[in-house]
Amino acid sequence: MEKRYYIAYGSNLNVRQMRMRCPSARIIGTSKLNDYELLFKGSKTGSYLTVEKKSGVSVPVAVWEVTAEDEKALDRYEGFPNFYYKKELTLSGFTYADSYTTTKNLTGNDQLFVQNYSTLKVTPGTATAKNGASISNYTASCNGLSASNSTGAAITVGKIAKSGSVTVTLSVTDSRGYTAETSQTVTVIPYTKPKISSVTLRRTNDIEAEMQLKFSGSISAVTVDGTQKNSVVYVRYRYKKTSESSYGSYTSIYSGTTKSGTSFSYSNLELCSLDANSSYDLHLQIQDKLYSLSSLDLYFTVPQGTPLIALRKKKVGINTPEPQAMLDVAGDMRVDGSPLADFVIQQGTSGIWNYRKWKSGTAECWGQYSFTTAISTAWGVLYESGAIALPNFPFTFAEIPHVHISTENSNYAMFVERGSSSSWSTTTNPGKIFAVRPNTVPSATYKVSIYAIGKV
């Protein structure tokens with residue numbers, strides 16, 4: 001039934017009085033009649049209240065929603081048509097449509113709407129203001145949303161959050177403040193983003209490089225004329241090391257995904273290989289025909305592999321997936337209930353040097369160095385050589401190590417001395433030495449043993 005509205009001023013602003021005259025009337029708001037003034041007119045025997053045009057002033061009014069019986073009661077009370085007249089506003093209706101291309105393509109019908117995603121557009125029909133007035137406002141509203149303009153052009157209301165049968169209302173207001181409205185019902189199809197009911201992502205045996213992925217879920221049915229229009233279009237993943245800032249490219253697993261109606265599932269025990277010694281972030285994305293609008297994005301962190309025991313050919317690893325020796329232990333060890341004090345973690349040779357590095361951070365190196373020199377410079381009652389530079393350590397110490405140097409000659413006597421501080425040891429070199437004998441020697445070959453120990 002068409003709604004009727006009454007713009008009241010004067011005594012009809014009194015709610016108690018209006019309830020007596022029009023028991024079914026309902027006040028819906030207040031406003032002003034701009035460019036009108038309130039006047040008393042009449043004769044010696046009686047007067048009445050009316051409004052007339054006057055620029056720059058206004059008249060406060062109330063807007064009542066009235067029934068046909070209420071209107072008849074007002075006509076009797078006001079003396080229609082002899083003592084007052086009616087001014088009416090008519091509205092022929094409106095059209096509506098879904099203006100969002102993606103949802104229109106999904107349904108194939110712009111008269112249908114998808115919950116939370118379709119965009120409602122309302123185009124007003126012809127509105128006519130009578131008695132010389134003009135239309136000042138068009139307002140379209142739906143489910144708590146509203147939008148308006150003054151031109152009568154198409155109005156974009158927005159996305160409808162409710163599903164089912166939803167009422168759309170168009171109201172127009174003329175320059176005198178009179179209002180008319182009309183309503184239609186639109187169909188909104190219920191919709192939610194894709195959902196995952198279960199998912200498993202893990203390393204094989206929780207330690208291997210190989211990844212296993214299983215999941216299942218569902219999409220919303222978008223049914224039009226008995227036909228299900230929606231489907232899964234993207235199932236893909238990408239990954240990065242946790243320490244990195246950017247993901248790599250997507251890898252599609254759509255072809256391996258099982259789809260049945262609105263349900264989908266996936267299972268792959270050999271998804272990809274990720275270095276067992278590193279932690280990874282993995283992004284799983286599932287999209288239906290609304291694409292990025294409804295994208296389901298799941299993020300996982302895959303820890304590095306931490307095996308208890310890894311068995312390889314002739315090698316056993318404890319807490320390491322790739323043992324490098326017959327027995328390769330990652331972490332601290334205990335013997336008879338007590339922590340193992342220290343043990344060698346690296347050893348080898350380099351140049352003249354043999355070396356060992358220990359779990360505690362201690363390192364040592366040793367070697368023999370041969371040199372040929374003359375000993376002929378007087379040094380008190382003795383004679384010395386020039387400064388002899390020794391070879392660099394096989395690694396750099398964290399601080400200057402303790403260095404011991406001794407002679408290794410069997411057929412003559414000799415000792416070594418440091419000289420000035422410029423000859424002392426550094427973190428990279430044992431320093432310089434001087435060979436000293438009690439007599440001069442033109443040229444001979446000598447040998448020293450060097451041992452250094454410190455922290456790395």
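Restrict the check to segment 129-141 and report whether at least one residue is more than 25 Å from residue 221 (Cβ to Cβ) and among the charged types (D, E, K, R). Give the steps one after another, and end with the answer.
Here is the first cut: in segment 129-141, the ones more than 25 Å from residue 221 (Cβ to Cβ) are 129-141.
Of the ones still in play, those that are also among the charged types (D, E, K, R) are 130.
Yes - at least one qualifying residue is present in segment 129-141.
Is segment 405-424 home to any residue that is touching a Gly at 6+ places or on another chain (Cβ under 6 Å) and either among the hydroxyl-bearing types (Ser, Thr, Tyr) or under 30 Å from residue 359 (Cα atoms) (or both)?
There is at least one residue in segment 405-424 that is touching a Gly at 6+ places or on another chain (Cβ under 6 Å) and either among the hydroxyl-bearing types (Ser, Thr, Tyr) or under 30 Å from residue 359 (Cα atoms) (or both).
Failed condition for residue 84, given (1) at pLDDT 95 or above; (2) under 30 Å from residue 19 (Cα atoms); (3) among the aromatic types (Phe, Trp, Tyr), with all others met?
Just one mismatch for residue 84, condition (1).
So that you can scan it fast, the table gives a plain yes or no per residue for (1) out of contact with any Phe, Trp or Tyr (no Cβ under 7 Å at 6 or more places or on another chain); (2) part of a loop (DSSP other than H, G, I, E, B); (3) surrounded by 13 or more Cβ atoms within 10 Å (Cβ to Cβ):
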| position | (1), (2), (3) |
| --- | --- |
| 20 | yes, no, no |
| 27 | no, no, yes |
| 30 | yes, no, no |
| 41 | no, no, no |
| 48 | no, no, yes |
| 69 | yes, no, no |
| 72 | yes, no, yes |
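Test each condition in (1) of a type in the set (Asp, Glu); (2) in contact (Cβ under 8 Å) with a residue 60 or more places away in the chain; (3) surrounded by 13 or more Cβ atoms within 10 Å (Cβ to Cβ) for residue 275 and report the one that comes out false.
(3)
Note down all Cβ pairs under 7 Å where the first residue falls in segment 242-267 and is farther than 19 Å from residue 214 by Cα, the second is loosely packed, with under 13 Cβ neighbours inside 10 Å, and they're at least six residues apart or on different chains.
What qualifies is 242/301.
Just to check your reading of the model, which residue among 145, 112, 170 is under 30 Å from residue 262 (Cα atoms) and either among the hydrophobic types (A, V, I, L, M, F, W, C) or out of contact with any Pro (no Cβ under 7 Å at 6 or more places or on another chain) (or both)? First the steps, then the outcome.
Details: 145 fails: under 30 Å from residue 262 (Cα atoms); 170 fails: under 30 Å from residue 262 (Cα atoms).
Of 145, 112, 170, the one residue that is under 30 Å from residue 262 (Cα atoms) and either among the hydrophobic types (A, V, I, L, M, F, W, C) or out of contact with any Pro (no Cβ under 7 Å at 6 or more places or on another chain) (or both) is 112.
Report, by residue number, each residue of segment 91-122 that is of a type in the set (S, T, N, Q) and in contact with a Phe, Trp or Tyr (Cβ under 6 Å, 6 or more places away or on another chain).
103, 115, 118, 119
So how many residues does segment 225-241 have that are in contact (Cβ under 8 Å) with a residue 12 or more places away in the chain and either touching an Asp or Glu at 6+ places or on another chain (Cβ under 7 Å) or farther than 20 Å from residue 293 by Cα (or both)?
The qualifying residues number 7.
Give me the residue from segment 273-313 that is in a loop (DSSP other than H, G, I, E, B) and over 24 Å from the mean Cα position of the chain (by Cα) and, out of that set, nearest to residue 240 (Cα to Cα). Spell out the reasoning first.
Applying the first criterion (in a loop (DSSP other than H, G, I, E, B)) to segment 273-313 yields 274-279, 289-290, 295, 303-308, 313.
Subset that is over 24 Å from the mean Cα position of the chain (by Cα): 275-277, 305-308, 313.
On the way: 275: 11, 276: 13, 277: 14, 305: 16, 306: 19, 307: 22, 308: 25, 313: 31 Å.
Among those that are in a loop (DSSP other than H, G, I, E, B) and over 24 Å from the mean Cα position of the chain (by Cα), it is 275.
Looking only at segment 430-450, count every residue that is surrounded by 16 or more Cβ atoms within 10 Å (Cβ to Cβ) and not aliphatic (A, V, I, L, M) and tell me the total.
Residues that pass the stated criteria total 6.
Does segment 244-255 hold any residues that are within 14 Å of residue 284 (Cα to Cα) and surrounded by 11 or more Cβ atoms within 10 Å (Cβ to Cβ), and which are they? Write out each step before concluding.
Looking only at segment 244-255, we keep the residues that are within 14 Å of residue 284 (Cα to Cα), and these are 247-254.
247, 248, 250, 251, 252, 253, 254, listed by residue number.
Okay, residues lined up against (1) of a type in the set (Ser, Thr, Tyr); (2) over 30 Å from residue 329 (Cβ atoms):
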residue: 397; (1), (2): no, no
residue: 417; (1), (2): no, yes
residue: 433; (1), (2): no, yes
residue: 436; (1), (2): no, yes
residue: 444; (1), (2): no, yes
residue: 449; (1), (2): yes, yes
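Filter segment 115-134 down to residues that are polar (S, T, N, Q) and part of a loop (DSSP other than H, G, I, E, B) and give me whichever is farthest from the chain's Cα centre (by Cα).
131
So residue 151 ticks every box in (1) at pLDDT 95 or above; (2) farther than 30 Å from residue 220 by Cα but one. Which box is left unticked?
If we test residue 151 against (1) at pLDDT 95 or above; (2) farther than 30 Å from residue 220 by Cα, just (1) comes out false.
Which of the residues that make up segment 279-316 are among the charged types (D, E, K, R) and in contact with a helix residue (DSSP H, G or I) (Cβ under 7 Å, 6 or more places away or on another chain)?
288, 289
Kindly indicate whether residue 260 is exposed (fewer than 15 other Cβ atoms within 10 Å of the Cβ), hydroxyl-bearing (Ser, Thr, Tyr), within 30 Å of residue 101 (Cβ to Cβ) and within 19 Å of the chain's Cα centre (by Cα).
no
Just the residues that are free of Cβ contacts under 8 Å to residues at least 24 places away in the same chain and of a type in the set (Gly, Ala, Ser), please, taken from segment 352-409.
Once the filter is applied, which keeps residues that are free of Cβ contacts under 8 Å to residues at least 24 places away in the same chain and of a type in the set (Gly, Ala, Ser), segment 352-409 yields 360, 378, 380.
The values are calculated or read from the model by the stated rules, or taken from the named source; none is laboratory data. In this text the structure is predicted, and so the values were computed from the model without any measurement. Glycine also receives a Cβ, built like all others from the backbone with ideal geometry; neighbour counts cover every protein chain displayed.
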